Amino acid sequence: MTRFGGEILGNKKLTFVLFIIYVLALNWLVLFKLQFSFDQIDRVRVINMIPLNGSVFSEVYNNIRIFVPLGIYICMLKSKWSFIKKLFTIFGLTLAFEFLQFVLAIGRSDITDILANTLGGTIGIGIHKLLFMILKHRTNKFINLFALVLTSCALFFIIFIFKRYRVLYL
């Protein structure tokens, strides 16, 4: 990789831009359930405080999976933070999502989601630590390259779906 390319991929600005795109996508997924219109969102205000009560394994697994990048990004952007501070940040964001779902009546607030999302972020912290043990100073460059490819693919997919949606509903 050229020195110029390495500098771009290791740049915190790139990491921050990718993080913002991830957070926007996370909002669209968690709060708006990938819908293009508020009319299509299930308008319900429910709180479940019993862990795993009525939860489907695939939903829990998906919640864990979509929050793994949050833990990785927090490690990349706030490497000096302690594990506890990173964990509380993940927990706080997850709690904010569940609170917003309840207040806006756009989903079911569930303790299982809070636990699964926090676990996903914690796994992300662990993945970053493992990658750092293997790649050392090249870790952020590797993750940025990987995230750039995945983000680009996701954005093209979203654009494709949005264009298709507009053709079907206009």
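The value obtained for the range 70-136, namely the Cα convex hull volume divided by the number of residues, is 77 Å³ per residue. Among the listed pairs K12/K33; K78/K129; K13/K33; K33/K86; K33/K85, give every one whose C-alpha distance is greater than 21 Å. Violating the 21 Å Cα-Cα cut-off are K12/K33; K13/K33; K33/K86; K33/K85.
The slack between F88 and V149, meaning 0.36 nm per residue of separation minus the straight C-alpha distance, is 19.1 nm.
Inter-label distance, I41 to F160: 2.7 nm, where each label sits 7 Å from its Cα along the C-beta direction. Entry note, the chain: relative contact order of 33 percent, from Cα contacts under 8 Å with a spacing of 6+ residues.
For the range 13-69, the fraction of alpha-carbon pairs lying more than 19 Å apart is 48 percent, rounded to a whole number.
Proximity of backbone amide H atoms, modeled 1.01 Å from N, is registered between L52 and T112 at under 5 Å, excluding neighbours fewer than 5 places apart on the same chain. Note on Kirkwood radius over Cα pairs in Å: of the candidates (i) 17.4; (ii) 17.9; (iii) 16.0, the value calculated from this structure sits at (i).
For the chain, carbon and sulfur atoms together expose 73% of the accessible surface, with a 1.4 angstrom probe and every protein chain in place. Residues in the range 104-170 average 66 Å² of solvent-accessible surface per residue, probe 1.4 Å, ligands and nucleic acids excluded. The string of couplings for the range 61-69 from the Karplus curve (6.51, -1.76, 1.60, θ = phi - 60°) is 4, 5, 4, 4, 4, 6, 9, 4, x Hz, one whole number per residue in order, with x for Gly and Pro. Rounded, prolate or oblate: pick one for the range 113-164, where a ≥ b ≥ c are the square roots of the eigenvalues of its C-alpha gyration tensor, a/c under 1.5 means rounded, and failing that, prolate if a/b is larger than b/c, else oblate. Since a/c reaches 1.5 but b/c is at least a/b, the shape of the range 113-164 is classed as oblate. GNM on the chain, alpha-carbon springs under 10 angstrom: the most fluctuating residue among V30, V60, V149 is V149.
The values are calculated or read from the model by the stated rules, or taken from the named source; none is laboratory data. Worth saying up front: this structure is predicted, and the values here are computed from it rather than measured. Virtual Cβ from ideal backbone geometry, glycine too; neighbours counted across all protein chains shown. Keep in mind that these areas ignore ligands, DNA and RNA; they rest on the heavy atoms of the full protein, side chains included. Shrake-Rupley method; radii C 1.70, N 1.55, O 1.52, S 1.80 Å.
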